[in-house]
Amino acid sequence: MLLCIVAFGVAGCGASPPASTPPLQVTASGGPTLTGKDVHITSFRGHPVVMIFWASWCGPCHDEQPSLNAAYGKWSARDVAFLGVDLRDTTRPALAFQSHYKVPYPSIADTNATLAVEYRIPSAPALVFLNTQGKVADVVLGALGTMSVTDFNAEITTLLGKSPAASA
């Protein structure tokens, strides 16, 4: 039991990604947004998707949100979808976070961490990149705390079917 608690603590907020992650076959369908609208992940098929796992209580999530807003501004016009997943949070602080940072994309309320479990996300922040077929292309635990903006842009460029050098 103690070993499990220590392992969970190490995998917490801002943890480094594992050296190698096997490809995931996820069947998660989506859920209600913080404002009550249903979002189905399958509705994004045909577009690369950046799923941002965050929480209002996560310090690094606050730090990286302005960069994520900028990434949305750059890539949404190129048919890249962004979808937040608010982890283990309550509605009021989550909506306050979205309002404060002017988050431009919707977020699914994942209060019981159902989506997080499906995508093997132990804690926020984390990024999941889905290809145009809706399959997991990459998972980054620690999100922009462990991934540079250059690497983020290269990941999306690859998902769009272009070489990273062509988008620089």
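Points worth noting:
- Scanning region 34-57 for residues that are in contact (Cβ under 8 Å) with a residue 24 or more places away in the chain and assigned to a helix (DSSP H, G or I) yields a total of 3.
- So residue 31, is it assigned to a loop (DSSP other than H, G, I, E, B), surrounded by 11 or more Cβ atoms within 10 Å (Cβ to Cβ) and at pLDDT below 90: no
- Looking across region 56-87, the residues that are surrounded by fewer than 24 Cβ atoms within 10 Å (Cβ to Cβ) and small (Gly, Ala, Ser) come down to 56, 59, 67, 70, 71, 73, 76, 77, 81.
- Listing of helices (runs of 4 or more DSSP H) fully contained in region 58-168 that carry 1 or more residues being modelled with pLDDT of 95 or more, closer than 25 Å to residue 35 by Cβ and not basic (Lys, Arg): 59-75, 91-101
- Top-ranked residue of region 61-73 - restricted to ones that are out of contact with any strand residue (DSSP E or B) (no Cβ under 8 Å at 6 or more places or on another chain) and in contact (Cβ under 8 Å) with a residue 60 or more places away in the chain, ranked as farthest from residue 103 (Cα to Cα): 63
- Some residue of region 108-128 being farther than 19 Å from residue 30 by Cβ, crowded, with 17+ Cβ neighbours inside 10 Å and in contact with a Pro (Cβ under 9 Å, 6 or more places away or on another chain): yes
- For region 45-55, the set of residues classified as in contact with a Gly (Cβ under 7 Å, 6 or more places away or on another chain) and either surrounded by fewer than 21 Cβ atoms within 10 Å (Cβ to Cβ) or over 15 Å from residue 144 (Cβ atoms) (or both) consists of 45 only.
The values are calculated or read from the model by the stated rules, or taken from the named source; none is laboratory data. Remember, predicted model here, so these are calculated numbers, not experimental data. Virtual Cβ from ideal backbone geometry, glycine too; neighbours counted across all protein chains shown.
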